[in-house]
1. If Trp520 satisfies all but one of (1) open to solvent by less than 20 Å² (accessible area, probe 1.4 Å); (2) closer than 29 Å to Glu249 by Cα; (3) among the hydrophobic types (A, V, I, L, M, F, W, C), what's the number of the condition it fails?
2. Restricting to segment 392-414, name every residue that is modelled with pLDDT of 80 or more and either buried (at least 18 other Cβ atoms within 10 Å of the Cβ) or touching a Phe, Trp or Tyr at 6+ places or on another chain (Cβ under 9 Å) (or both).
3. How many residues are of a type in the set (Phe, Trp, Tyr) and within 13 Å of Tyr182 (Cβ to Cβ) when one looks only at segment 237-264?
4. Check Val210 against each of (1) buried (at least 22 other Cβ atoms within 10 Å of the Cβ); (2) among the aliphatic types (A, V, I, L, M); (3) modelled with pLDDT under 90; (4) over 24 Å from Thr138 (Cα atoms) and name the one condition it does not meet.
5. Could you tell me whether Ile515 is part of a loop (DSSP other than H, G, I, E, B) and at pLDDT 90 or above?
6. Given the structure, is Arg505 farther than 25 Å from Ala384 by Cα and open to solvent by less than 10 Å² (accessible area, probe 1.4 Å)?
7. Could you check segment 217-254 and list, in sequence order, the residues that are in a helix (DSSP H, G or I), open to solvent by less than 40 Å² (accessible area, probe 1.4 Å) and not aliphatic (A, V, I, L, M)?
8. Tell me, please, whether a residue that is surrounded by 21 or more Cβ atoms within 10 Å (Cβ to Cβ) and in contact with a Lys or Arg (Cβ under 9 Å, 6 or more places away or on another chain) can be found in segment 157-175.
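The values are calculated or read from the model by the stated rules, or taken from the named source; none is laboratory data. Since this is a predicted model, take the numbers as computed values, not measurements. Reconstructed Cβ throughout: ideal geometry from the backbone, glycine too, with neighbour counts over all protein chains shown. Heads up: the accessible areas ignore ligands, DNA and RNA and are worked out on the full protein's heavy atoms, side chains in. Shrake-Rupley method; radii C 1.70, N 1.55, O 1.52, S 1.80 Å.
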Amino acid sequence: MNQDTEFKGHHAQEVEHDAVYAEKAGVPDYKAEAIEAENAEFNMTVLEAVKAYPMASFWAFVMSCTIIMESYDVFLIGNFIALGAFTSRYGVYDAESDEYNIVNSWQSALLIAGQLGALIGVFIAGPLTSWIGYRYATLTGLMLLNVFIFIFYFGDSIPVFFVAQLLEGIPWGIFIANAPAYCSEIVPMRLRAPATQMLQMFWAIGSIIVGAVTYTYSTTDSAAAYRVPIALQWMFPTPLAILIFLAPESPWWLVRKGRHEAAAKAVERLGRKSEMKSTDTVAMMRRVIELEKSSKPPNHLELFKGTDLRRTLIVCCVYLAQNLTGNLIANQAVYFFTQAGIGTELAFALGLITSALQMIFVMLSWILTTYFGRRDIYLWGSAANTILLVALGVAGSVGVSDSASLAQASLGLIVSVLFTLGPAPASWVIIGETSAIRLRPLTTGTGRAAYYIVEFPCIFLASYMLNPTGGNIGAKCGYVWGATGFVCLVVAYFGLPEMKGRSYREIDIMFKRRIPARQWKKAEIDINADE
C-alpha cells in the first residue's frame, strides 16, 4: 500500500513537472518545434549526427552487445556437434564412418532448444517492455541468464543440456526483441542504419569468440573442451547489466508514457546540449505519437488490423527470410565443412575465418545501406545469395573428390559471408524502422517469434540434410535453400518499401496512405502533413 501511494505521489509530481515543461516548450502548440527538429534531422549528415549524438551511438553499441550472448550459444551448440570430446561423450559410434555422432533427433533438439526458449521470451518481451521500459526488461533478462548458465555448466547429459538451452533462450528472446527497437529509437534518422546493423556485427563477434575458443579446444579430449566454452558465457551478463542500468531509457518510450520532462532529460543524455534542443526533439516525438494515438493500451491484436497488418507482415517476412535463404549454413558452418570432407582442425579454422569475414562485411554494409538504401541492398544481396546457393548444390552434385570438397567448402564460406553484406544487416534496419512507434516492442517481438516458428522445421531439415545418419545430401542442400531464397526474393520485390531518409512521421503517413512498396522512393510528404 505504501509503495502504491509513493508511486502515485511520484506520478503526480511528474505530471506537474510536465505541465511546467509544456509551458516552457510552447505546448500545446508544439508543431512548430516538431517541424524544426525534424528538419534538423533531415539536414544532418551521418558525421554531423554522430557529433550531435555521441552518447546515443555509445548506448546503441552497449544494447547491441546483448546479441553476443544468443550468437555465442547458437554457434557453440553448432560447434559442439562437431567437437570430438563432446561427441565421444554424448554421441553414438557409427561403424561406417568410424566416428562418434550425436543422434540426429538429439542433434536437432539441441539446436532448437534455445530458439524454443527465445520464442517464449519474445512474447514476454513485448508486454514487459511496454510496461517497464527497455532498460528494466533487458536487466531482467540478464539476471535470469546468469542463473540459467549454471544448469548448462553443471549438466552432464543431452536432456539436461536441452533444458538449459531452453531456459537460456528466454532471456535471448527479450534481448533480440528489444535491441533493434531501442537502437532505432535513441539515434537520429541518419544513424538508424548503422545503429541497428551493429546487431549483425555483434552476432558475428559472438561467433568469432566461439570459433576461437572451440578451435583452441578442437584437439582436446577432456571435458574441458566443452566445459570452458560454456563457462565463458558468464563473461557477458554482469558487465552488461551494470552498463544498461546506467543507460538512459528510450525517449520515445517515455513520450508514449506521457513523461515528457523525463524524455527531454533522456534526449540531453544522448546528445550534446549545444547542438540540439531537447524540447524540440520531444515535440517531434509527441507529433508522431499523436498520429498513432489510441485510448487503448497496446495489444497483439492491433498488429493484425488496418495498416498495422502490412507493417507486421513486412517485419515477419524479413525475419522469416533469414532462415529460408541459407543462413542455417552459417550457423552450422563447422559441421557443414566437416560433412563436405574437410578435416576437423581445418573445419574449425574455416569456421573462425568465416566469422571474422562476416564482421568485416557487416561494417562494409553500414556504408552501403546508409548511402544506397535498404530495399536495393536487400534485393541485390538476396539475388546473389540465391545464385550462390544453387551453385553450391551443383558443386555437391559433381561427385566425390578433393576439388569438389574444396568447392563446396569455399561456396559455403562465401554464402555465409555475403549474407552479412546485404540481406542480414539490411534486415535489422528494416525491422527497426517498419513498426509503428506505439506498437514497436510488440511488433519486433512478434516478428522474431515468426522467425523462431519457421526456424524449428528448418533446423530439423538442415540437420537431416547434413547428418550422415539422416539424408546425408551435403552441399546439395543448396538446391533447397536456393528455392526458398528465390521465393523470399520475389516477395521482397513486391512488398518491401524503401525507408531510407524517411522520418517516423513520414513512414506513418505513407503506410496510412497505402502507398505501394515500389513507389516509396518517389513519394513526397509535406513537412506540415499529419495524415
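1. Only one criterion in (1) open to solvent by less than 20 Å² (accessible area, probe 1.4 Å); (2) closer than 29 Å to Glu249 by Cα; (3) among the hydrophobic types (A, V, I, L, M, F, W, C) is unmet by Trp520, namely (2).
2. Within segment 392-414, the subset modelled with pLDDT of 80 or more is 392-395, 397, 414.
Selection gives Leu392, Gly393, Val394, Ala395, Ser397.
3. Looking only at segment 237-264, we keep the residues that are of a type in the set (Phe, Trp, Tyr), and these are 245, 252-253.
Next, from what is left, pick out any that are within 13 Å of Tyr182 (Cβ to Cβ): 252-253.
Final tally of qualifying residues: 2.
4. (4)
5. On the way: part of a loop (DSSP other than H, G, I, E, B): yes; at pLDDT 90 or above: yes.
Yes: the conditions hold for Ile515.
6. Values: farther than 25 Å from Ala384 by Cα: yes; open to solvent by less than 10 Å² (accessible area, probe 1.4 Å): yes.
Spelling it out, Arg505 is indeed farther than 25 Å from Ala384 by Cα and open to solvent by less than 10 Å² (accessible area, probe 1.4 Å).
7. Tyr226, Pro229, Gln233, Pro237, Pro251, Trp252, Trp253, listed by residue number.
8. yes
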